[in-house]
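Bear in mind that the values in this text are calculations on the coordinates, not laboratory data. Please read these numbers as outputs of a predicted model, since none were measured by experiment. Backbone-built Cβ (ideal geometry, glycine too); neighbour counts: all protein chains shown.
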Amino acid sequence: MRLSDRKRVLVTGGAGFLGSHLCERLLEEGADVLCVDNFYSGSKDNVAHLLSHPHFELMRHDVTFPLYVEVDEIYNLACPASPIHYQRDPVQTTKTSVHGAINLLGLAKRTGARILQASTSEVYGDPEVHPQTEDYWGHVNPIGTRACYDEGKRAAETLFFDYHRQHGVEIKVARIFNTYGPRMHPNDGRVVSNFIVQALRGEAITVYGDGTQTRSFCYVDDLIDGLMALMASPAEVTGPINLGNPNEVTIGELAEEITAMVGSASTVRYEPLPGDDPKQRQPDVTLAKSTLGWEPKVKREDGLRLTVAYFRDRMA
Ligand code: NAD
Ligand code: UDP
């Protein structure tokens, strides 16, 4: 018999950028949070402020190995998200997505927990449909340098839907589009953190390609709202469901915005475009609006200000 009726929530990858914000919000809402991480791309620093919370627990564990715990909900975020991190050990990246999904779905099946998968817009690859809707099957190079991540996440989605159909596991699949905010890793090579750090240091802003490729950036608080709304949605809502901000910008424009905001004298340095870099990306969030009543609220200007303030502080 359980003595507490506090919801027990497992967050894998909880010491990462998104995971640490999610753990914080779950604690605020009264959950008992078990944060599991192998610290491959995340850090104890991201959750150091939560360690003294009586309902927070941090466990070092690699999700490619089975995990035996008793929980009511699982958010599966474990997986390096930035290209330089996930390409450093591509075999481990695929294992994390695939073996990790199998282990956590097995845990969900045994405990009856509801499980949410942090999938990605990368399942659409270099999309031929714009903006991307959930019924688009994607355009992914299965043997390229991004494939360990893209195909790993696609296989994880397959596993989620098969555990749902075959074993009745309650699943939620979120396709997350580029998200930014405080606690992004300063050296993870993602565009927002790179540009902010370069602008603050007065170094050249490294635009890959000619800067005409587009992305749509979602502020972390909005994204966490979306993940929690999806987890709380009725059982029949499985997703996949896009979560992101449809406000699209070219990488060249983003470089200008950040340089102006920081008040930096940095100039742009053009560098070669990495392999399989998608040309454009914008989520269609109609489904999230209609099923979850969710849409992003934070304007890019406001989100970037908060992110610049975080990096300014960190680098002081
Ligand atoms: P992150 O790298 O900051 O966090 C991932 C966390 O997972 C890290 O703490 C890392 O140490 C941990 N991890 C990696 N492999 C592990 C393993 N085998 N076992 C246990 N822990 C492991 O990245 P993030 O931006 O916070 O992304 C979180 C999740 O959201 C990822 O699954 C990512 O694919 C997904 N996502 C993020 C974005 C984004 O823009 N940030 C976009 C799409 C999808
Ligand atoms: N990018 C860039 N300069 C950088 C880092 C990234 O021009 O210093 C580009 C990158 O080529 C891509 C876009 O910015 O077109 C977003 O890159 P990121 O790695 O942040 O995310 P993803 O490509 O996974 O969407």
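State whether the residues of region 265-272 include one that is surrounded by 13 or more Cβ atoms within 10 Å (Cβ to Cβ), under 19 Å from Cys218 (Cα atoms) and not aromatic (Phe, Trp, Tyr). No, the conditions are met nowhere in region 265-272.
Being among the small types (Gly, Ala, Ser), part of a loop (DSSP other than H, G, I, E, B) and surrounded by 18 or more Cβ atoms within 10 Å (Cβ to Cβ) is true for just one of Gly226, Gly239. Which residue is that? Write out each step before concluding.
Details: Gly226 fails: part of a loop (DSSP other than H, G, I, E, B).
One residue alone meets the criteria, Gly239.
Residues of region 222-247 that are under 23 Å from Glu24 (Cα atoms) and among the small types (Gly, Ala, Ser): Gly226, Ala229, Ala232, Ser233, Gly244. Across region 77-134, the qualifying residues are those that are more than 11 Å from ligand 1 (Cβ to nearest atom) and either assigned to a strand (DSSP E or B) or of a type in the set (Gly, Ala, Ser) (or both), and the one among them that is surrounded by the fewest Cβ atoms within 10 Å (Cβ to Cβ) is Gly112.
Residue-by-condition table, conditions (1) more than 12 Å from ligand 1 (Cβ to nearest atom); (2) of a type in the set (Val, Ile, Thr); (3) surrounded by fewer than 22 Cβ atoms within 10 Å (Cβ to Cβ):
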position	(1), (2), (3)
Gly138	yes, no, yes
Asn141	yes, no, yes
Ala147	yes, no, yes
Asp150	no, no, no
Thr158	yes, yes, yes
Phe161	yes, no, yes
Arg165	yes, no, yes
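Residues of region 278-297 that are closer than 25 Å to Thr212 by Cβ and surrounded by 15 or more Cβ atoms within 10 Å (Cβ to Cβ): Pro278, Gln280, Arg281, Gln282, Pro283, Asp284, Val285, Pro296.
The number of residues in region 195-214 that are within 9 Å of ligand 2 (Cβ to nearest atom), surrounded by fewer than 22 Cβ atoms within 10 Å (Cβ to Cβ) and outside any loop (DSSP other than H, G, I, E, B) comes to 4.
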